[in-house]
Amino acid sequence: MEFTVEHGKLYMLQTRNGKRTAQAALKIACDLVDEGMRTEQEAVAMIDPRNLDTLLHPQFDAAALKAATPAGKGLGASPGAACGKIVFSAEEAEEWAAKGEKVVLVRLETSPEDITGMKAAQGILTVRGGMTSHAAVVARGMGTCCVSGCGDIAMDEENKRFTLAGKEYHEGDYISIDGTTGNIYDGRIPTVDATIAGEFGRVMAWADKYRTLKVRTNADTPRDAKKARELGAEGIGLCRTEHMFFEESRIAAFREMICSDTVEEREAALEKILPYQQSDFEQLYEALEGYPVTIRFLDPPLHEFVPTEEADIEKLAQAQGKTVEEIKNIIAGLHEFNPMMGHRGCRLAVTYPEIARMQTKAVICAAINVQKAHPDWKMKPEIMIPLICDVKELKYVKKIVVETADAEIAASGIALDYEVGTMIEIPRAALTADEIAKEADFFCFGTNDLTQMTFGFSRDDSGKFLSAYYDRKILENDPFAKLDQNGVGKLMEMSIKLGKPVNPKMHVGICGEHGGDPASVEFCHKIGLDYVSCSPFRVPIARLAAAQAAISN
Ligand code: PEP
Ligand code: MG
């Protein structure tokens, strides 16, 4: 507070919020409650949920950061700070990390093939992409720092170099990136690890006491699922099954499935994949200890999985008994002009029902095994069909799921409940939610795609022009990070209003990236969602935001 006293009179000149670290904010809130100055609800409302990020991820050493000037800026796509040597491929990230090096993976963009390299890196920097493109979504899931969409980088991946702000960077040069601000720094800025103090647990317990919205997590590996449970997740709201196919041992069978000419060939490849899927799901259920798990069926366009390296193409040709030429023709045939609006989501199950059959078997047989191992848990797997735009699509896929699931359950000799629901991520699904609700046990809003398709903005490319929209005051925020309540939100509200009267038992959640954004969480509370689902490290943020929404409303 700034004040002055003149002629015996006190003048208050100005006040400003005292800056505090997240840890200090938690300590102050707890002390104020202990001293009887604030109620628990008031204490919960005092803390900015976004600041919790600093408690959960490494940060730059404050003194070293003061002396540094950013060399460039991208989108702060996954929080935390990272410092390491530049590498240009996922394989190198793995190799260097195995030698004990800290690395930052710099790519034009990442694809599902890069997952193991992304895991090995301290941080990820991409030239292209937005807040819901592959690098951003996967890095947030892993809790790894990521700066995406830095269009100022002139990339030369082939020669392992790039230019930024007039400087040429090579493999092995040090770089530091801040996934909260999006800043990129030349050289090394030391980082300090995250520490969670005792007050964190107290404030989180108060948040849980007052919130009504449940918080689930988006997780595809037992490791992420366990982390999310530690951070308070009450279930999995989205398991993206495609992320499970990229390990060395699995991708070969998956590629055989894609490059099959006949149903028999495809079924033979799927037979090889089934045990992996089933064991993955068993591990996920185990990690969740009986809490609900939503498993989404295969979603991305198949071209994302095909080999690009000559050696891999040859290997696949051999395994398939086909010529290299034939495999290349199949790959060329998978090319699409608009893959995000192409042969993906439930369209894969419509054209290749055998994929849905295999995934149903894996979900149900895994649940049967875990139910037998833990009779006290009430297993009820939730199968989620992506990219539905018409109730008849859902009916078609659901029939395959129900026939397969019921046969497996009957053969097992135990009783098992399961649910079949749908993502609402295409505007037409929202507009016809009353019809779709008749066939769905649950709705889950896929607001990444729903935002993409409502705005007509590509989630992977819009970063290129959105800054001009902020400068010209056409948009205030990135709609892929903060839910557009007026447009996308209206479609969500409409879906609930249309769907719930038809099927009052249906539960409703959100699993787009907005599920971990505090302002969006408040909106989800207001429109009556049952849960939000977000990446593991955003679970505490969502818990606090949900409590604040309940308290303020
Ligand atoms: C979504 O579209 O919001 C979603 C959760 O699915 P994905 O990001 O995998 O398309
Ligand atoms: Mg989607």
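Could I have the simple spin-label model distance between Lys66 and Asn486, label points 7 Å from Cα toward Cβ, reported in nm to one decimal?
Distance between the two pseudo-spin positions: 4.2 nm.
For the charge dipole of the chain, defined by +1 on Lys and Arg C-beta atoms and -1 on Asp and Glu C-beta atoms about the Cα centroid, which residue among Ala29, Ile295, Ala252 has the Cα displaced farthest towards the positive pole?
Positive-most Cα among the choices belongs to Ala29.
Would you mind computing the Rg to Rh ratio of the stretch 161-257 from its alpha-carbon coordinates, Kirkwood style for Rh? Mind dumping the intermediate values first?
Details: Rg = 20.3 Å, Rh = 18.2 Å.
Over the Cα atoms of the stretch 161-257, Rg/Rh equals 1.12.
Working out 0.36 nm times the residue gap between Asp34 and Glu267, then minus their Cα-Cα distance, what length gain in nm do you get to one decimal? Walk me through the numbers on the way to the answer.
Working: separation 233, 0.36 × 233 = 83.88 nm, distance 6.33 nm.
Additional length available on full extension: 77.5 nm.
Using only the heavy atoms of the protein chains and a 1.4 Å probe, how would Lys500, Lys209 rank by accessible area, largest first?
Working: Lys500 60, Lys209 120 Å².
My answer, sorted largest first, is Lys209, Lys500.
Using a 1.4 angstrom probe and counting only protein chains, how large is the accessible area of Arg538 in Å², to 10?
Accessible area of Arg538: about 50 Å².
Based on alpha-carbon atoms only, what is the radius of gyration of the stretch 398-478 relative to the globular estimate 2.2 N^0.38 Å? Could the numbers behind the result be given before it?
On the way: Rg = 19.5 Å, N = 81, 2.2 N^0.38 = 11.7 Å.
Working it through for the stretch 398-478, the quotient is 1.67.
Mind ranking Tyr174, Tyr169 by accessible surface for me, highest first, 1.4 Å probe? Working shown, then result.
Values: Tyr174 70, Tyr169 5 Å².
Solvent-accessible surface, decreasing: Tyr174, Tyr169.
How large is the accessible surface per residue of the chain, computed with a 1.4 Å probe and reported in Å² as a whole number? It would help to have the intermediate numbers written out before the result.
Numbers: 24010 Å² over 553 residues.
On a per-residue basis, the chain sits at 43 Å².
Sketch the reach of a paramagnetic label on Lys99 as a point 7 Å from Cα along Cα-to-Cβ, and name the residues of the stretch 59-88 whose backbone nitrogen lies under 16 Å away.
The answer is 84-88.
Report, in deg cm²/dmol and to the nearest 500, the calculated mean residue ellipticity at 222 nm for the chain, where each DSSP H run with n ≥ 4 adds -39500 (n - 2.57) and the sum is divided by the residue count. The partial results should precede the final answer.
On the way: 23 runs with 247 residues, N = 553.
Calculated mean residue ellipticity at 222 nm is -13500 deg cm²/dmol.
Counting other C-beta atoms within 10 Å, and keeping those with at most 16, which DSSP coil trypsin sites (Lys or Arg not before Pro) do you find in the stretch 420-502? Mind dumping the intermediate values first?
Numbers: sites: Arg428, Lys438, Arg459, Lys464, Arg472, Lys473, Lys482, Lys490, Lys497; in loops: Lys438, Arg459, Arg472, Lys473, Lys482.
Counting only loop positions with at most 16 other Cβ atoms within 10 Å, the trypsin sites (Lys or Arg not before Pro) in the stretch 420-502 are Lys438, Arg472, Lys473.
From the protein chains alone at 1.4 Å, what is the descending order of accessible area for Val391, Val402, Val203, largest first?
Details: Val391 25, Val402 45, Val203 0 Å².
Accessible-area ranking of Val391, Val402, Val203, largest first: Val402, Val391, Val203.
Using R₀ = 56 Å, calculate the FRET efficiency as 1/(1 + (r/R₀)^6) where r is the Cβ-Cβ separation of Leu475 and Ala411; round to 0.05.
FRET efficiency, Leu475 to Ala411: 0.55.
In whole Å and largest first, what semi-axes does the C-alpha gyration tensor of the chain yield when each eigenvalue is scaled by 5 and square-rooted? The partial results should precede the final answer.
On the way: eigenvalues 309, 195, 95 Å².
After diagonalising the Cα gyration tensor, the semi-axes are 39, 31, 22 Å.
Points 7 angstrom from Cα along the Cβ direction at Asn17 and Ala373: gap in nanometres?
Result for the modelled spin labels: 4.6 nm.
Taking +1 at the Cβ of each Lys and Arg and -1 at the Cβ of each Asp and Glu, which of Ala366, Ala332, Leu387 sits farthest along the dipole of the stretch 330-389 towards its positive end, judged by Cα position relative to the Cα centre?
Result: Ala366, furthest along the dipole toward the positive end.
Mind running the shape call on the stretch 94-208? Use the C-alpha gyration tensor, a ≥ b ≥ c as the square roots of the eigenvalues: rounded below 1.5 for a/c, prolate if a/b tops b/c, oblate otherwise.
Working: a/c = 1.89, a/b = 1.76, b/c = 1.07.
Prolate.
Any chance you could look up the accessible area of Val420 with a 1.4 Å probe, heavy atoms only, rounded to 10 Å²?
0 Å²
Quick one: putting +1 on the C-beta of Lys and Arg, -1 on the C-beta of Asp and Glu, what dipole do you get for the stretch 181-298 around its Cα centre, in Debye to the nearest 20? Write down the numbers at each step before the final one.
Details: 16 positive and 21 negative charges, 153 e Å.
For the stretch 181-298, the charge dipole is close to 740 debye.
For the chain, with all protein chains present and a 1.4 Å probe, just round the carbon and sulfur fraction of the accessible area to a whole percent.
Values: 12020 of 24010 Å².
Of all accessible area on the chain, carbon and sulfur atoms account for 50 percent.
The values are calculated or read from the model by the stated rules, or taken from the named source; none is laboratory data. Values in this document were obtained by computation on a predicted structure and should not be read as measured data. All Cβ positions, even for glycine, are placed from backbone atoms using ideal geometry, and neighbour counts span all protein chains on display. Calculation scope for accessible area: heavy atoms of the full protein, side chains included, ligands and nucleic acids excluded. Shrake-Rupley method; radii C 1.70, N 1.55, O 1.52, S 1.80 Å.
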